[in-house]
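Engineer: Would you mind keeping the following structure in view while I ask a few things?
The values are calculated or read from the model by the stated rules, or taken from the named source; none is laboratory data. Treat the numbers as computed from the prediction; the structure is a model and nothing was measured. Note: ideal-geometry Cβ built from the backbone for every residue, glycine included; neighbour counts use all protein chains shown. The protein model used for the area step is the full one, side chains on, heavy atoms only, and it has no ligands, DNA or RNA in it. Shrake-Rupley method; radii C 1.70, N 1.55, O 1.52, S 1.80 Å.
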Amino acid sequence: MTDLEKYLFDLRGYLIVEDVLTSDQIKEMNTLIDEHSSELNLESGKLHTGGFLTWGQPFVDLLDYATMMPLLKFILGDGFRLDHYYAIFMNKGADRLNLHGGNTPYDPPEYYHFRNGNMHNGLTVVSWNLSDTGPEHGGFCCIPGSHKVNYPCPPKIRQEHFQHDTIVIPNARAGSLVIFTEALTHGTAPWTAEHQRRSLLYKYSPAQQSWSKTHISPPEGVSLSPRQQLLFEPPYFSGRTSLFEEEAQGEGY
């Protein structure tokens, strides 16, 4: 992490890294999604669904993408693990997802601490945008800095949601990644764009922790590198293999 990225993540609770994926990569993944469109039930206008790691190697290669890994190492420490994942699809007119999360009241698996000059995070999200999101479109929204707030979010803000002046809907173009701590108060603004929202959310936990009751298993029928296999290890701390040892290094997508 650069000094600017450290400052912004500590200040806001989220970080946007633009133009990580090329237009060809975005097109390839959107084409693969289109090929599985018959499996997606979007009658309500929005859908959260897992299982897309089996749709093609490009989705698997995002697991330890080269640009992302050093950022997560700084946020979560070495040995972090994939806790769970899902995609969000939204059509025009899809309603909001209510605000949730926040430093207060305290939620043990979703935290942000700063000790001895280092940040320590619980469950952390990496959201890959395959379409543009932002104030003109909808999508991810949050209350910047709420990962450190000492009072619970007032009902007035929760009720007004994206219309309240504390809520930010950051611009994030297709090909960008949005990293945020689950300790941040966040949600989804209604989708107003003509194009479909397509976001892939990979959620990582520190080495010794699991948010999910069941531990995720590697997808069948796809090729995993040694480092990607390590991301599917169950939660434990002592003796955990480094994700950054030379023999575990991956090249990313």
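Engineer: Could you grab the relative contact order for the range 100-253? Cα pairs under 8 Å, six or more apart, rounded to a whole percent. Can you show the working numbers first?
Structural biologist: Numbers: 272 pairs, mean separation 45.6, N = 154.
Averaging sequence separation for qualifying contacts and normalising by length gives 30 percent for the range 100-253.
Engineer: Setting aside same-chain residues fewer than 8 positions from residue 46, which aspartates and glutamates have a Cα under 12 Å from its Cα?
Structural biologist: Straight-distance partners of residue 46: 95.
Engineer: Any idea what Rg and Dmax come out to for the chain if you just take the C-alpha atoms, in Å?
Structural biologist: Here Rg and the maximum Cα pair distance are 17.6, 52 Å.
Engineer: List the GluC sites (Glu not before Pro) in the range 24-96 that DSSP assigns to loop (not H, G, I, E or B) and whose Cβ has at most 14 other Cβ atoms within 10 Å. Which are they? Can you show the working numbers first?
Structural biologist: Working: sites: 28, 35, 39, 43; in loops: 43.
Qualifying residues, ordered by number: 43.
Engineer: Could you calculate the contour length gain from residue 37 to residue 67, that is, 0.36 nm times the residue separation minus the distance between their Cα atoms, to one decimal place in nm?
Structural biologist: Going from the current span to full extension adds 7.9 nm.
Engineer: Please give the direction-averaged projected area of the C-alpha convex hull for the range 1-90, in square nanometres with one decimal. List each step's numbers first, then the result.
Structural biologist: Details: hull surface 28.9 nm².
Over all viewing directions, the range 1-90 projects a mean Cα-hull area of 7.2 nm².
Engineer: For residue 22 and residue 86, FRET efficiency with R0 = 22 Å and r from the beta-carbon atoms, rounded to 0.05?
Structural biologist: That gives a FRET efficiency of 0.35.
Engineer: OK, next. Going from most exposed to least, what order do 236, 85 have by accessible area with a 1.4 Å probe?
Structural biologist: Details: 236 75, 85 40 Å².
Order by accessible area, largest first: 236, 85.
Engineer: To continue, here is another question. Using alpha-carbon positions, what is the distance between the centroids of the range 181-233 and the range 8-72, in Å?
Structural biologist: Cα centres, the range 181-233 to the range 8-72: 9 Å.
Engineer: Quick check on the range 97-246: what does the Kirkwood estimate of hydrodynamic radius come out to from the alpha carbon pairs, in Å? Mind showing how you got there, number by number?
Structural biologist: Values: mean 1/r = 0.0581 Å⁻¹.
With all distinct Cα pairs of the range 97-246 included, I get 17.2 Å.
Engineer: Nearest 20 debye, what's the magnitude of the dipole of the range 145-244 about its Cα centre given +1 on Lys and Arg Cβ and -1 on Asp and Glu Cβ? Let's see the in-between values first.
Structural biologist: Numbers: 10 positive and 6 negative charges, 21 e Å.
Approximately 100 debye in magnitude.
Engineer: Here is a follow-up. Using the Karplus curve 6.51 cos²θ - 1.76 cosθ + 1.60 with θ = phi - 60°, work out ³J(HN,Hα) for each residue of the range 35-41 in order, rounded to whole Hz, and write x for Gly and Pro.
Structural biologist: Along the range 35-41, the couplings run 5, 10, 4, 5, 8, 9, 9 Hz.
Engineer: Here is a follow-up. Using a cut-off of under 16 Å, list every residue of the range 183-215 whose amide N is near the label point 7 Å from the Cα of residue 236 along the Cα-to-beta-carbon line.
Structural biologist: Those under the cut-off are 207-210, 215.
Engineer: Could I ask something else about it? As a test of the formula, what do you get for the chain when each DSSP H run with n ≥ 4 contributes -39,500 (n - 2.57) and the sum is divided by the residue count, at 222 nm and rounded to the nearest 500 deg cm²/dmol?
Structural biologist: -5000 deg cm²/dmol
Engineer: So what does residue 12 come to for accessible area, using a 1.4 Å probe and Å² rounded to 10?
Structural biologist: My reading of the accessible area for residue 12 is about 90 Å².
Engineer: Just tell me which lysines come within less than 21 Å, Cα to Cα, of residue 156; anything on the same chain fewer than 8 places away is out.
Structural biologist: 148
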